[in-house]
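Notes for the one structure printed next.
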Amino acid sequence: MSPQEISFWVPGIPKPAGSKRGFVNRKTGGVIITDACKKTKPWQADVKAFAYEAMGGGPLLTCPLHVIAAFYMPRPKGHRNSKGMIKGSAQPYPTSRPDLLKVARAIEDAMSGVIYCDDSQIVIEHLTKKYEEHRGPGVEIKVGKIVE
């Protein structure tokens, strides 16, 4: 029997997924589609590795799921004063790229086939994007079964 909730932390700067670039191959005339962010695949590999560890060899979840993901982004250097303290004028939340839904898409895709069969099983999702303060950038993920 699998646990009611799987929780884990993935260190590193969250990367987006979903944005694509397309171009024409001059030799074949065919269209080639690539990810716009080259660092997405290594980030997803990290998420996958920590997800495998959190699952502990258990079976894939096959029920409706809720996901809670808190993304912690690096704080810009300009947000700190010369003593390393956060300036009063510093924004409390990151409003710059990457956007929240695209970093969520990256982890959802990475967990498919590791924690659950397909990310379409996610029926409730709570996402936040904050500045890291203590343990560095990364994402804290909780995946739970919806039991009624």
In the stretch 81-98, is there at least one residue being touching a residue at least 40 places away in the same chain (Cβ under 8 Å), assigned to a loop (DSSP other than H, G, I, E, B), within 14 Å of the chain's Cα centre (by Cα) and more than 30 Å from L60 (Cβ to Cβ)? yes
Among (1) in a loop (DSSP other than H, G, I, E, B); (2) open to solvent by less than 60 Å² (accessible area, probe 1.4 Å); (3) closer than 22 Å to F8 by Cα, the one test that E133 misses: (2)
From the set of residues in the stretch 65-110 that are polar (S, T, N, Q) and more than 14 Å from K15 (Cα to Cα), which is least open to solvent (accessible area, probe 1.4 Å)? N81
Please give the number of the condition C37 fails out of (1) assigned to a strand (DSSP E or B); (2) at pLDDT below 95; (3) among the hydrophobic types (A, V, I, L, M, F, W, C). (1)
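What is the residue count in the stretch 99-127 for residues that are assigned to a loop (DSSP other than H, G, I, E, B) and in contact (Cβ under 8 Å) with a residue 60 or more places away in the chain?
Qualifying residue count for the region: 3.
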Say whether the condition of being in a strand (DSSP E or B), modelled with pLDDT of 90 or more and surrounded by 13 or more Cβ atoms within 10 Å (Cβ to Cβ) is met by at least one residue in the stretch 46-64. yes
Report whether or not Y116 is open to solvent by less than 40 Å² (accessible area, probe 1.4 Å) and of a type in the set (S, T, Y). yes
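Does W9 fit the bill of being in contact with a Phe, Trp or Tyr (Cβ under 9 Å, 6 or more places away or on another chain) and either within 21 Å of D109 (Cα to Cα) or modelled with pLDDT of 85 or more (or both)?
Yes: the conditions hold for W9.
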Residues of the stretch 28-80 being among the hydroxyl-bearing types (S, T, Y) and under 16 Å from the mean Cα position of the chain (by Cα), which ones? T40, Y52, Y72
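The values are calculated or read from the model by the stated rules, or taken from the named source; none is laboratory data. This is a predicted model, so every value here is computed, not measured. FYI the Cβ positions are ideal-geometry reconstructions off the backbone, even for glycines, and counts take in every protein chain you see. Areas reflect the complete protein model, heavy atoms only, side chains present, ligands, DNA and RNA absent. Shrake-Rupley method; radii C 1.70, N 1.55, O 1.52, S 1.80 Å.
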